[in-house]
Amino acid sequence: MSWQEQISHSIRTVEQLREYFHISREEEEKFKKIIKDAPLQVPPYYLNLINKLDKNDPIRNLILPSINETSEDGKWDTSGENENTKLQGLQREYTQTALIIPTSTCAAYCRFCFRKRIVGRQSNEIAIDLSKAYDYLKKHKEVDNVLLTGGDPLTLSTKYIEKLITDLRQVDSIKIIRFGTRVPVFLPQRISEDKQLLKVIKENSYDNKKIYIINHFNHPIELTKEAIKAQNDLLESKAILANQTVLLKGINDKPEIISELFNKLSYIGVAPYYLFQCRPVKHATHFAVPIKEGYEIYENAKKQMSGLAKRAKYAMSHYKGKVEIVAAKDNKICNRLDFCSVFLSENPK
């Protein structure tokens, strides 16, 4: 199938799901309610990564609904995005970085998504009038990089993506354009089959102004030959590649899984960037690993990695920004600033 056909043939209903998986009557009724609020969408390519005989298959648990989603624990906005919104569809939490949300659509919908309140539905958090965003950036020259996220910006048409990039390139102070995306994971054909998209990236990735593709691989199973080809195609288009992973209970919460994933990413030229603590999102708290356990998982994983593979920071999102976790003991965590202050107080010389 072409990538467009993959999208059109995606599973979106419980009835379609029953054609592939055994679902109990209880699950069926609850799933129908769940996907009204948190849409289901899985392209055939990604569906085929699931071992249908294993109910604990990591890809299955990552992408298909579960009864655990009926829990009311958690909250919708876990890191203060509402407070950081400067105008519709544009957020700014850090001095140098602006975040633009041009779409709420994804190629598939992760069950742990921290933007469950937005994705797959109409939302007033989407940038409708991008000209206002560009005017804002021109006035705030201290912003030197823009993250395009969503939803997934690479689900937009190539023509629209080209306009997004070329318009941002008209803002002289913007040096880096970043795409936060799961498309290379869910639908790598969208990258490899679209030569125009690759051409647009190449023509707008300059010697002193780069385009970054921030991938989101969560498990080694996702690193298929198609996914690796998409990464090679992006590298040839002069994009800079990195990856962020979310630590997920029952999916990748073992040192050997994280080390395998990060090692394999480093082999193909994708820099591990962040290992994120799963956010306490409403209807998704069952994915969270206790922070102390997460710290120990990553420390043990690093023992099995090269220096290039263990560049990722173990971090959690917070209203004050990202917090890098550098120590954990006795139910307490320590971020980098805390660690430095403690070290200096104990070692004044």
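Results, tabulated for the structure shown:
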{"item": "Checking LYS282 against (1) of a type in the set (D, E, K, R); (2) surrounded by 21 or more Cβ atoms within 10 Å (Cβ to Cβ); (3) under 25 Å from ASP73 (Cβ atoms), the condition it does not meet", "result": "(2)"}
{"item": "Flag for ARG111 being under 18 Å from ARG92 (Cα atoms) and surrounded by 15 or more Cβ atoms within 10 Å (Cβ to Cβ)", "result": "no"}
{"item": "Where a residue in the stretch 75-101 is under 19 Å from ALA288 (Cβ atoms) and its partner, wherever it lies, is surrounded by fewer than 18 Cβ atoms within 10 Å (Cβ to Cβ), with Cβ under 7 Å and at least six apart", "result": "LYS75/PRO280; THR78/PRO280; SER79/HIS318; SER79/TYR319; GLY80/TYR319"}
{"item": "Qualifying residue in the stretch 164-179 (condition: surrounded by fewer than 20 Cβ atoms within 10 Å (Cβ to Cβ), touching a Phe, Trp or Tyr at 6+ places or on another chain (Cβ under 7 Å) and over 22 Å from ILE101 (Cβ atoms))", "result": "no"}
{"item": "Residue in the stretch 19-45 that is farthest from PHE112 (Cα to Cα), counting only those that are among the aliphatic types (A, V, I, L, M) and in a loop (DSSP other than H, G, I, E, B)", "result": "ILE23"}
{"item": "Scan of the stretch 202-219 for residues that are in contact with a Ser or Thr (Cβ under 8 Å, 6 or more places away or on another chain) and of a type outside the set (A, V, I, L, M), ordered by number", "result": "LYS202, ASN204, SER205, ASN215, HIS216, PHE217, ASN218"}
{"item": "LEU187, sole failed condition from (1) out of contact with any strand residue (DSSP E or B) (no Cβ under 9 Å at 6 or more places or on another chain); (2) surrounded by fewer than 23 Cβ atoms within 10 Å (Cβ to Cβ); (3) among the aliphatic types (A, V, I, L, M)", "result": "(2)"}
{"item": "Cβ-Cβ under 8 Å pairs, at least 6 apart or on other chains, the stretch 105-124 side free of Cβ contacts under 8 Å to residues at least 40 places away in the same chain, far side surrounded by 22 or more Cβ atoms within 10 Å (Cβ to Cβ)", "result": "ARG115/GLY150; ARG115/GLY151; ILE118/ILE101; ILE118/GLY150; ILE118/GLY151"}
{"item": "Where LYS86 falls short, out of the listed (1) part of a strand (DSSP E or B); (2) modelled with pLDDT of 95 or more; (3) of a type outside the set (Val, Ile, Thr)", "result": "(2)"}
{"item": "Residues that are over 16 Å from ASN218 (Cβ atoms), part of a helix (DSSP H, G or I) and not aliphatic (A, V, I, L, M), drawn from the stretch 46-71", "result": "ASN68, GLU69, THR70"}
{"item": "Selection from the stretch 181-227 of residues that are within 23 Å of GLU5 (Cβ to Cβ), of a type in the set (S, T, N, Q) and touching a residue at least 60 places away in the same chain (Cβ under 8 Å)", "result": "GLN189, THR224"}
{"item": "Any hit, the stretch 299-309, residues being at pLDDT 90 or above, among the hydrophobic types (A, V, I, L, M, F, W, C) and exposed (fewer than 15 other Cβ atoms within 10 Å of the Cβ)", "result": "yes"}
{"item": "Helices (runs of 4 or more DSSP H) completely within the stretch 195-294 that count 2 or more residues being over 30 Å from TYR160 (Cα atoms)", "result": "255-267"}
{"item": "Test: residue in the stretch 131-147 that is in contact (Cβ under 8 Å) with a residue 24 or more places away in the chain, of a type in the set (Val, Ile, Thr) and either assigned to a helix (DSSP H, G or I) or under 28 Å from SER8 (Cα atoms) (or both)", "result": "no"}
{"item": "Residue match in the stretch 257-280 (condition: more than 17 Å from the chain's Cα centre (by Cα), touching a residue at least 12 places away in the same chain (Cβ under 8 Å) and within 22 Å of LEU197 (Cβ to Cβ))", "result": "yes"}
{"item": "Selection count, the stretch 148-189, where residues are part of a loop (DSSP other than H, G, I, E, B) and basic (Lys, Arg)", "result": "3"}
{"item": "Odd one out for SER71 among (1) under 25 Å from GLN244 (Cα atoms); (2) modelled with pLDDT under 90", "result": "(1)"}
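The values are calculated or read from the model by the stated rules, or taken from the named source; none is laboratory data. For clarity, every value in this text was computed on a predicted model and none was experimentally measured. In this analysis, Cβ positions are derived from the backbone assuming ideal geometry, glycine residues included, and neighbour counts consider all displayed protein chains.
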